[in-house]
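The values are calculated or read from the model by the stated rules, or taken from the named source; none is laboratory data. It should be emphasised that the depicted structure is a prediction, and the values quoted were computed from it without experimental measurement. Note: ideal-geometry Cβ built from the backbone for every residue, glycine included; neighbour counts use all protein chains shown. Note: accessible area is taken over every heavy atom of the protein model, side chains too, but ligands, DNA and RNA are not part of it. Shrake-Rupley method; radii C 1.70, N 1.55, O 1.52, S 1.80 Å.
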Number of protein chains: 2
Amino acid sequence: MITIKEVSELAQVSQATVSRALNGHSTVKEINKIKVFEAIEKLGYKPNAFAQALASSRSNSIGMLVGSLEGPFYGPLMHNAEDIVRKKNMHLIVTSGQESKEKETDSIRFLQSKQVDGLIIHSDMLSDDELIKIAKNTPATVILNRYVPELSNQCICIDNELGGYLATKHLLESGHIKVACITGQLSKIDSRDRLQGYRNALTEYGIQYDASLIAEGRFDHDGNHEKVRRLLDRDNGITAIFCQNDNIALAAYDVCSERELTIGKDISIVGFDNDTYSQHIRPRLTTVNFPVLEMGVEAANCVLSLVHKEEYSVNNKLAPELIDRDSVKKFN
Amino acid sequence: MITIKEVSELAQVSQATVSRALNGHSTVKEINKIKVFEAIEKLGYKPNAFAQALASSRSNSIGMLVGSLEGPFYGPLMHNAEDIVRKKNMHLIVTSGQESKEKETDSIRFLQSKQVDGLIIHSDMLSDDELIKIAKNTPATVILNRYVPELSNQCICIDNELGGYLATKHLLESGHIKVACITGQLSKIDSRDRLQGYRNALTEYGIQYDASLIAEGRFDHDGNHEKVRRLLDRDNGITAIFCQNDNIALAAYDVCSERELTIGKDISIVGFDNDTYSQHIRPRLTTVNFPVLEMGVEAANCVLSLVHKEEYSVNNKLAPELIDRDSVKKFN
DNA sequence: GAACTTAACGAAAGCGCTTGCAGTGTCTTA
DNA sequence: TAAGACACTGCAAGCGCTTTCGTTAAGTTC
């Protein structure tokens, strides 16, 4: 391994000067800079990131915890965050929590032991208190999709209530009256907020909330088919379903096809998230866009501003919007 | 920051003993171990990964370069690789090359400067020679989806030729004779191999290869619709299309719907990759499964065995298989 | 030309850890 | 009981870098 020592010897300056030339923290004579960079070039020198980090206690990297390294949600999130971080000449280290509290904790440990300068956290399992503790250790911490009052300007969420409202309103506007709603796990605040949005829209249109039109599903793939079947079996004149995410909508698609119900004609469906596949399934799914791109960008910008202690006004409640495609029948 | 020094003082042993207790490289008296771990617990000590890495020149982490942090291919790849790596108490650091040679090089640099113990590389832009050079620097390097003869037991590919053969054979077996093929970029070896598989199947069934049935598309989203339209416009009695990936198949779906051709009846389509959405589109797409899961697992196992210098017989040509769904009409 | 400022640099300490080496003390073995 | 073997431990060097501090040389001011 080529070290700074060899560079300094070849360039006939001290190690300190090489370091300074490299980092630009202090002034170095032009002639020496040239000598240094020539030597670096000639030797193919690459600074040892560990030694740098150890000596400076800065790691030039941002840690990110996501639920999973795969999937239509986390993918773009990581992608966009990395983009921004890279542009600032820093690096993003991503780990996944894989829906286990232990792994989430372990991942945060790992990232902190790597002395990340900042942290972007999308956690399912960690409690607010634990997040607060983490943010105390790593002040430049940004929390995604969770609102922790104590960390109010470090949280970036989307307005789930608005999203639920938009989806429902779209159905109502299209002339539907019996609008069902399949929620995610009601243990999750996202589900409850989206449901509240649904209720708000109903109220606005003067329609009574009817609990028999509600079913609790799951945001992941498990068991939604059965929920949809049972909902339809209730046979209470449903003409439209607001599925609280696109996964659930997918299950609804499958069940409708089982029952030979033509989506967009016999029944209408609205999803939530605007996952990549929502535009590939037929009929193309009308859904609420989850601004995951913006979230990635915002998270990265926010964490970088915290790291560099710059002023930055976070946009911490991102607005979803309706993507009107082909899965909703319009009566008017 | 709590350091090993403080732990050693509280436990009333030397730093060396703390280190040894922690790493188990050497024997430490039981009573001292207990004292050490009690002290660690009490102080909430976390070893500084940089100092560890610097001192030991081992980083306990594997670097991974992928094309993008998102998408149905790289997602599961990362996911499964991380799983395995974690189980060995190491960590995976993922960076993306984003289809730019510069970024790929930069990412590898970054990973190497982080002293990763091993490297898993899925590169689009780097030349074989460059890969060889990288593998020289980091001996525990595994190359994905590329066969570099000099690194033969560090390459993990799938058998694209077999895949192309299986797709075509399925169509032929189902009674189709005029089978078109839309390839990916022919600059990519994958495309050429899949095409060769197509030809092999034709030969086996005694059918003459007809260049007018071939069109060159792209593995990504760009411009495939137009290619499909032009192919159909040639009006040469095509009853089936082998699309060299699911993306292309998606474009074919769109064009067929434009032209009111019912897939699985008027025309048959086989894809390649078995992307997540292929089972959600209607009719469900018959496609060739790309064993991405196995690839992730195999890559991780391989790189770990290289890191620990253990014997491991790589399965470096993974077998794709046909997933028979609803997009192919069967004449028999 | 003395006194001061400033630019540029080198020496060296130190970041927190691992590890080779040299003990020390205990246990076997003949 | 001497001597070798062994288990355990501490000392201290050193990993490759950053950064403080002091020094030198050059420039500035009156």
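The table below lists the values:
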read-out: Inter-residue pairs, beta-carbon under 7 Å, first more than 24 Å from B:PRO47 (Cα to Cα) and in region A:111-127, second among the β-branched types (Val, Ile, Thr), 6+ apart; value: A:HIS122/A:VAL66
read-out: Conditions (1) closer than 20 Å to A:VAL297 by Cα; (2) away from chain B (no Cβ under 14 Å): number failed by A:VAL94; value: (2)
read-out: Condition met for B:LEU285 (open to solvent by less than 30 Å² (accessible area, probe 1.4 Å) and under 24 Å from A:SER327 (Cβ atoms)); value: yes
read-out: Test result for B:TYR209, at pLDDT below 95, open to solvent by 50 Å² or more (accessible area, probe 1.4 Å), in a loop (DSSP other than H, G, I, E, B) and among the hydroxyl-bearing types (Ser, Thr, Tyr); value: no
read-out: Subset of region B:74-90 (residues that are part of a loop (DSSP other than H, G, I, E, B) and in contact (Cβ under 8 Å) with a residue 40 or more places away in the chain); value: B:LYS88, B:MET90
read-out: Test: residue in region B:111-128 that is in contact with a Gly (Cβ under 8 Å, 6 or more places away or on another chain), assigned to a helix (DSSP H, G or I), surrounded by fewer than 19 Cβ atoms within 10 Å (Cβ to Cβ) and within 14 Å of chain A (Cβ to nearest Cβ); value: yes
read-out: Residue among A:GLU99, A:GLU70, A:GLU38 that is within 16 Å of DNA strand C (Cβ to nearest atom) and open to solvent by 40 Å² or more (accessible area, probe 1.4 Å); value: A:GLU38
read-out: Flag for B:ALA215 being in a strand (DSSP E or B) and over 14 Å from B:ASP273 (Cα atoms); value: yes
read-out: Verdict on B:GLU30 being modelled with pLDDT of 90 or more, within 16 Å of DNA strand C (Cβ to nearest atom) and assigned by TED's automatic domain parsing to the domain that holds B:GLN12; value: yes
read-out: Residue in region B:267-280 that is assigned to a loop (DSSP other than H, G, I, E, B) and either of a type in the set (S, T, N, Q) or over 30 Å from B:ASN153 (Cβ atoms) (or both) present; value: yes
read-out: Unique residue being more than 19 Å from A:THR141 (Cα to Cα), within 32 Å of the chain's Cα centre (by Cα) and part of a loop (DSSP other than H, G, I, E, B) when the list is A:GLU102, A:GLU70; value: A:GLU70
read-out: Members of region B:23-53 that are of a type outside the set (S, T, N, Q), within 18 Å of A:ARG109 (Cβ to Cβ) and within 12 Å of DNA strand D (Cβ to nearest atom); value: B:PHE50, B:ALA51, B:ALA53
read-out: Among the candidates B:ALA201, B:ALA180, B:ALA167, residue that is in the same structural domain as B:ILE269 (by TED's automatic domain parsing), touching a residue at least 12 places away in the same chain (Cβ under 8 Å), on the phi < 0 side of the Ramachandran plot and part of a strand (DSSP E or B); value: B:ALA180
read-out: Count - residues of region B:1-22 that are open to solvent by 70 Å² or more (accessible area, probe 1.4 Å), more than 14 Å from every other protein chain (Cβ to nearest Cβ) and near DNA strand C (Cβ under 7 Å from one of its atoms); value: 3
read-out: Complete set of residues in region B:41-59 that are near DNA strand C (Cβ under 9 Å from one of its atoms), part of a loop (DSSP other than H, G, I, E, B) and not aromatic (Phe, Trp, Tyr); value: B:LYS46, B:PRO47, B:ASN48, B:SER57, B:ARG58
read-out: Sole residue being of a type outside the set (Lys, Arg), in contact with a helix residue (DSSP H, G or I) (Cβ under 9 Å, 6 or more places away or on another chain) and buried (at least 16 other Cβ atoms within 10 Å of the Cβ), chosen from B:SER61, B:SER26; value: B:SER61
read-out: Of all residues making up region B:42-53, the number that are within 14 Å of chain A (Cβ to nearest Cβ) and open to solvent by 70 Å² or more (accessible area, probe 1.4 Å); value: 1
read-out: Filter result for A:HIS79 (more than 24 Å from B:SER56 (Cα to Cα), within 16 Å of DNA strand C (Cβ to nearest atom) and of a type outside the set (A, V, I, L, M, F, W, C)); value: no
read-out: Failed criterion for B:SER313 (all others in (1) open to solvent by 30 Å² or more (accessible area, probe 1.4 Å); (2) assigned to a strand (DSSP E or B); (3) among the polar types (S, T, N, Q) hold); value: (2)
read-out: Residue tally, condition part of a helix (DSSP H, G or I) and more than 9 Å from DNA strand D (Cβ to nearest atom), over region B:1-10; value: 6
read-out: Yes/no for A:GLU82 being at the interface with chain B (Cβ under 10 Å from one of its Cβ atoms) and touching a Pro at 6+ places or on another chain (Cβ under 7 Å); value: no
read-out: Hits in region B:60-73 - residues which are more than 8 Å from chain A (Cβ to nearest Cβ), farther than 30 Å from B:ASN48 by Cβ and without any contact (Cβ under 8 Å) to a residue 60 or more places away in the chain; value: B:GLY67
read-out: Per-region count, region A:86-96, residues in contact with a helix residue (DSSP H, G or I) (Cβ under 7 Å, 6 or more places away or on another chain) and surrounded by 15 or more Cβ atoms within 10 Å (Cβ to Cβ); value: 6
read-out: Selection within region A:167-188 - of a type in the set (A, V, I, L, M, F, W, C) and surrounded by 23 or more Cβ atoms within 10 Å (Cβ to Cβ); value: A:ALA167, A:LEU171, A:VAL179, A:ALA180, A:CYS181, A:ILE182
read-out: Residues of region A:129-145 satisfying the condition of being of a type in the set (A, V, I, L, M) and either surrounded by fewer than 15 Cβ atoms within 10 Å (Cβ to Cβ) or more than 16 Å from A:GLU102 (Cα to Cα) (or both); value: A:ILE132, A:ALA135, A:ALA140, A:VAL142, A:ILE143, A:LEU144
read-out: Tabulated pairs, region A:300-321, first under 17 Å from A:THR138 (Cβ atoms), second basic (Lys, Arg), C-beta under 6 angstrom, 6+ apart or interchain; value: A:LEU304/A:LYS88
read-out: Within region B:261-319, tally of residues that are among the acidic types (Asp, Glu) and under 25 Å from A:GLU258 (Cβ atoms); value: 2
read-out: Where B:ILE108 falls short, out of the listed (1) more than 7 Å from chain A (Cβ to nearest Cβ); (2) surrounded by fewer than 22 Cβ atoms within 10 Å (Cβ to Cβ); (3) in contact (Cβ under 8 Å) with a residue 24 or more places away in the chain; (4) more than 13 Å from the chain's Cα centre (by Cα); value: (2)
